[in-house]
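Heads up: the structure comes next, in structure tokens.
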There are 4 protein chains.
Amino acid sequence: MIKLIITGGTIDKRYNELNGELYFPQTHIPEMIQQSRCTVPIDYQTLMLKDSLEMQEADREQVGLACAESKEGKIIITHGTDTMVETAKYLAKIQQDKTIVLVGAMIPFKINNSDALFNLGCAITAVQLLPKGIYITMNGKVFDWDKVNKDTKIGEFKNE
Amino acid sequence: MIKLIITGGTIDKRYNELNGELYFPQTHIPEMIQQSRCTVPIDYQTLMLKDSLEMQEADREQVGLACAESKEGKIIITHGTDTMVETAKYLAKIQQDKTIVLVGAMIPFKINNSDALFNLGCAITAVQLLPKGIYITMNGKVFDWDKVNKDTKIGEFKNE
Amino acid sequence: MIKLIITGGTIDKRYNELNGELYFPQTHIPEMIQQSRCTVPIDYQTLMLKDSLEMQEADREQVGLACAESKEGKIIITHGTDTMVETAKYLAKIQQDKTIVLVGAMIPFKINNSDALFNLGCAITAVQLLPKGIYITMNGKVFDWDKVNKDTKIGEFKNE
Amino acid sequence: MIKLIITGGTIDKRYNELNGELYFPQTHIPEMIQQSRCTVPIDYQTLMLKDSLEMQEADREQVGLACAESKEGKIIITHGTDTMVETAKYLAKIQQDKTIVLVGAMIPFKINNSDALFNLGCAITAVQLLPKGIYITMNGKVFDWDKVNKDTKIGEFKNE
């Protein structure tokens, strides 16, 4: 059983046709997992639906608490890419006895040419295979929490 | 660097609007990798584009040869799901010193509701994390070659 | 109010992931109309879900009967492209007092790169603007029933 | 031959993965026409790529000039929905000897669940069938320029 904690981020954004802006009407992660014919048992928890640029320290504490309270030792967190590394660093300080993988997308699942499904496949596989620790799966790579940064100019995660 | 050997299968099928049938005009795997913003270096080799039900022993020998000749120790093989297990068993007999992950899809990449991108994400991650051996990544799971079967009634891979 | 008679055809085909073939689990026309934000009142009638190559004389009689029994004077018929002209000719013999537009698609709605929504938009508009008669809307054109043929080599409808 | 004047609007917006905003990297109208297998000859003119809320009087004058200079008597204008009615009214004052159809979309072509292709099919058909005048095709309906308004609360065009 995998615990999947949903916090929002680009991966879950939708287009609002009434005002032309992107928003979070609901999460699409279970729909994505179903489309993927994924048969791994997953326990979903929608913690919040936020752009990660708007995440505050209190939000990260909530994420940390959800990880601590999780009965499952294997946890995926869907998260906006802009502060994903920051949340990973926060979790590394407080949570050492579980395998936690953070993942998001550069293009929303519901927009053409999205990387969302691929990234989710990376996270599902990584969380099953990796030992305890905090990781990020983006761009087809598995990064340790303390050796990764997002290059915002080109929109890619890189080893640092 | 990952070696990605393309053999066809549902993942690469397209709809032929002139006769209403599915066919293989070309592979879409590099397009899928590009959409995924995957920055892992990949060396592509299009070995064949076949429905795996039409794969013969000579085709499997060709796949085996490509694996043997690969300079890379990490190999992904895209493959039809119907005889994926058979090819995995064949490879297990002849190839023991590389990490080989077979992957495909139940729905073509170019058809609505496809599992292709998710599965490809699983394979890319698995091949980077797993020790030497022959594996199948389908349905979000990582299977050892000798402990998996496709349940054709429901279209899912299962441990046996 | 427009009467929309559904007979199947490529526009409504789906991919069957269990056997890799295309089939008709149900119609998607109401879903397509909803996606189009079309607010024209429509009365749907699913008459059959057939590949038009398999349509028999009895099927055409059924289509003709449905047109005759329609209380609405404006009728759209979704239909396979292969024998669409044949059905149009049949209807022209028996039904002169209504505006009937036949429409289909070269690529199923549920497959990448489909012309289905565009064609449906053409049909909805044509049926509202045209006088009584039998018409086909394909390739962005409006054809009279007696001046059209499908060029099967290139998959396009042309004036003849 | 149809003249197709491109001005931007939601129909042509794309998601910018570097900043998470929608923008206009280029027009997608020719790509949409190609996907539609539309064989009607079209002369494209990309006049501007603007959100219609940002259109100024000078922009409308430019649109009017392009209509006046068009050798073709049948003109489609792709346009943002928010001020589409305003542009139609402007054109009605200055251009009486051509058939002009304005069209747009509530959801961009490149976003899931878009009405773009359907609307374009409506416009292509309407411009071929309608007499001289200024029209709007949205929601599957054909509106005269002086009898239509956008209900911004529900995002639908209505007769007024």
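Things to note:
- Matching residues, the range A:100-112, being farther than 17 Å from residue A:33 by Cβ and within 14 Å of chain D (Cβ to nearest Cβ): A:106, A:107, A:111, A:112
- Scan the range A:115-157 for residues that are within 21 Å of residue A:53 (Cβ to Cβ), open to solvent by 10 Å² or more (accessible area, probe 1.4 Å), within 11 Å of chain B (Cβ to nearest Cβ) and touching a residue at least 12 places away in the same chain (Cβ under 8 Å) and the total you get is 1.
- Residues (surrounded by fewer than 21 Cβ atoms within 10 Å (Cβ to Cβ) and of a type outside the set (Lys, Arg)) located in the range A:86-109: A:86, A:90, A:92, A:94, A:95, A:96, A:97, A:99
- Hey, residue B:44 surrounded by fewer than 22 Cβ atoms within 10 Å (Cβ to Cβ) and in contact with a Pro (Cβ under 7 Å, 6 or more places away or on another chain) or not: yes
- Condition check for residue A:110: closer than 22 Å to residue A:23 by Cβ and touching a strand residue (DSSP E or B) at 6+ places or on another chain (Cβ under 6 Å): yes
- Matching residues, the range B:53-68, being open to solvent by less than 10 Å² (accessible area, probe 1.4 Å) and over 16 Å from residue B:9 (Cα atoms): B:64, B:66, B:67
- Index of the failed condition, residue A:74 passing every other in (1) basic (Lys, Arg); (2) within 24 Å of residue D:18 (Cα to Cα); (3) within 13 Å of chain B (Cβ to nearest Cβ): (2)
- All positions within the range B:16-30 that are touching a residue at least 12 places away in the same chain (Cβ under 8 Å) and either open to solvent by 20 Å² or more (accessible area, probe 1.4 Å) or in contact with a Gly (Cβ under 9 Å, 6 or more places away or on another chain) (or both): B:22, B:24, B:26, B:27, B:30
- Residue under evaluation residue C:76, criteria (1) open to solvent by 60 Å² or more (accessible area, probe 1.4 Å); (2) out of contact with any Pro (no Cβ under 9 Å at 6 or more places or on another chain), criterion not met: (1)
- Residues of the range D:1-10 satisfying the condition of being within 12 Å of the chain's Cα centre (by Cα), hydrophobic (A, V, I, L, M, F, W, C) and within 12 Å of another protein chain (Cβ to nearest Cβ): D:4
- Pairing residues of the range A:44-69 that are within 14 Å of chain D (Cβ to nearest Cβ) and under 20 Å from residue A:26 (Cβ atoms) with residues that are surrounded by 14 or more Cβ atoms within 10 Å (Cβ to Cβ) and of a type in the set (A, V, I, L, M, F, W, C), at Cβ distances under 7 Å and at least 6 apart in sequence or on separate chains, gives A:52/A:84.
- Evaluated against (1) within 14 Å of another protein chain (Cβ to nearest Cβ); (2) over 25 Å from residue C:109 (Cα atoms); (3) among the acidic types (Asp, Glu); (4) in contact (Cβ under 8 Å) with a residue 24 or more places away in the chain, residue B:97 falls short on exactly one condition, (1).
- When restricted to residues that are within 14 Å of chain A (Cβ to nearest Cβ) and more than 20 Å from residue B:115 (Cβ to Cβ), the range B:11-41 contains 3.
- Which listed residue, of D:155, D:133, is more than 30 Å from residue B:112 (Cα to Cα) and among the small types (Gly, Ala, Ser): D:133
The values are calculated or read from the model by the stated rules, or taken from the named source; none is laboratory data. Here the structure is a predicted model, which means the values were calculated and not measured. Glycine gets a Cβ as well: all are built from the backbone with ideal geometry, and neighbour counts include every protein chain shown. Note: accessible area is taken over every heavy atom of the protein model, side chains too, but ligands, DNA and RNA are not part of it. Shrake-Rupley method; radii C 1.70, N 1.55, O 1.52, S 1.80 Å.
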